[in-house]
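Below is one structure, written out as structure tokens, with a few remarks after it.
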Amino acid sequence: MTTAPTTTTPAHRTSAWPRSFRLLYAAALVDGIGFHIGQMAVPVMAVSLLAATPAEVGLLGALSTAAFLLIGLPAGVWVDRLPRRAVLVTADLSRAALVASVPLAWWAGVLSIPQLYLVVLLTGVGTVFADVAAQSCLPQVVGRDRLVAANALMMSTNATMQIAGRGLGGIVVQALTAPVAIVVDAAAYVVSGVILTRIRAEAPRPRQPRAPGGFAQQLGAGVRHVTGSPLLRPLALSTASINLTMQLTTAMLPVVFLRELGLGAAALGLFLGTGGIGALLGAVTARPLAERIGHGRALWLPGLLVAPLGGLVTLIDTGPMLWVAAGGWLALAWRTGVGNVIGVSLRQGATPDELLGRMNATFRFLLTGALAIGAVLAGLLGQYANVRTALVVGAAANALTWLPVFFSPLRTLDRPPSVD
């Protein structure tokens, strides 16, 4: 493994992770497995056991991300005020209780679609706090000089779970039935929470000063830290643009596969799985690429050279063109995987401890909002133009998403900044 010149001592080698990081990683792994099982089991239960309509299933999906838009920004203030390990543990145990209520209600004969709506929404609230707190405590558990390596490991693992997660969830649901699979999901949250309680004082607790002016001023300070930074502002704009343009394609792929091409859900799942492979490759190659050409260039150069390959997705059809389109989709996902590792490490390194929660919450709010806008635009284009138009607009716009980084100080940034 290639190491940077400034990381030559044994204490900095990625093979010797601190105990706190190993525990955080293990908890994230267990959490992710449970999440993918639940993501498959809840809609299956809604459709097969509660006879949910397509609109009701769609609303379940929307509610799973609604929390990021509803409380994403305030969550950052709360995370910065509270011990982050306590936030992580509370989020896990709360989600376990919420998820466990679903099979209990089913076995009692009282489960309803409105209860699923409520559980999915409130579980999303827990996920908001868990995600913001996890990204905010990472600089403390690994050190700021190892953020790129730590994020590469976390995101490559996440990408691997994206590849296999739906298949694993389907197997568990098929073998155990949806209610029992949801019990497994709840148990995973409990196990994750227990693992997190073992993180001890070797992970320094973040400073948590109270900004003057109360809650609103603290929230505004987090937003201004992102929008006023010459490094973070273009990164946020570029990443949000990537999310929006990718969503233009992702939202319409089910229509293309199931309605236009008649290929079925299995083919759609395999096609989307190539994106998981691309994201994994991106996460694995991000660090050596950044060390070779510089972190700033690793953010914009793949956009210039690789993102245009997303145009191949617009040619999707049966036969050989399906493989051509899959190659374009893999290339887009590789570029996104590289950007995620480098971008998250950069924003963590450029943010002082007391603002990490609010910074991460602001990014999550912007990025999730971009996904929502992309889904709406895709639907409008598909409805009033045609589905292929949405794919073309998404591919063309995605090929330009590197420009905010290029026309900023990030363009030639050699290494991520480090705030003490």
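Projecting the Cα atoms of 114, 49, 413 onto the charge dipole of the chain (Cβ charges, centred on the Cα centre) puts 413 farthest toward the positive pole. Across the options 338, 82, 39, the greatest Cα extent toward the positive end of the charge dipole of the chain (unit charges at beta carbon of Lys, Arg, Asp, Glu) belongs to 82. When the alpha carbon coordinates of the range 256-383 are projected onto the principal axes, the ranges are 52, 33, 24 Å, largest first. Per-residue SASA remark: residue 117, around 50 Å² accessible (1.4 Å probe; ligands, DNA and RNA not included). Note that the chain shows a convex hull volume over its alpha carbon atoms of 141 Å³ per residue. In this view, the solvent-accessible surface of residue 155, computed with a 1.4 Å probe and all protein chains in place, comes to about 40 Å². Rounded to the nearest 20, the Cβ-based charge dipole of the range 291-417 about its Cα centre (Lys and Arg +1, Asp and Glu -1) stands at 120 debye. Full extension of the chain between residue 117 and residue 187 gives 23.1 nm of extra length, using 0.36 nm per residue less the Cα-Cα distance. Taking Cα centre as origin and charging only the Cβ of basic (Lys, Arg, +1) and acidic (Asp, Glu, -1) residues, the dipole magnitude of the chain rounds to 980 debye.
Legend: residues 112, 156, sorted from most to least accessible area (1.4 Å probe; ligands, DNA and RNA excluded), read 112, 156.
If R0 equals 25 Å, the separation of the Cβ atoms of residue 396 and residue 255 corresponds to a calculated FRET efficiency of about 0.85.
If you sort 277, 242, 182, 293 by accessible surface, 1.4 Å probe, largest first, the order is 277, 293, 242, 182.
To the nearest 10, the accessible area of residue 71 is 40 Å² with a 1.4 Å probe. For the range 17-144, a crude dipole built from +1 on the beta carbon of Lys and Arg and -1 on the beta carbon of Asp and Glu, taken about the Cα centre, is about 500 debye to the nearest 20. Among residues other than residue 26 with Cβ under 15 Å from its Cβ, the summed charge is +3 (Lys and Arg +1, Asp and Glu -1).
With all protein chains in place and ligands, DNA and RNA left out, the 1.4 Å accessible area ranks 19, 84 as 19, 84, largest first.
The values are calculated or read from the model by the stated rules, or taken from the named source; none is laboratory data. What you see is a predicted model; the values in this text were computed from it and never measured. With ideal geometry, Cβ positions are generated from the backbone for all residues, glycine too; neighbour counts draw on all protein chains shown. These accessible areas exclude ligands, DNA and RNA; they are computed on the full protein's heavy atoms, side chains included. Shrake-Rupley method; radii C 1.70, N 1.55, O 1.52, S 1.80 Å.
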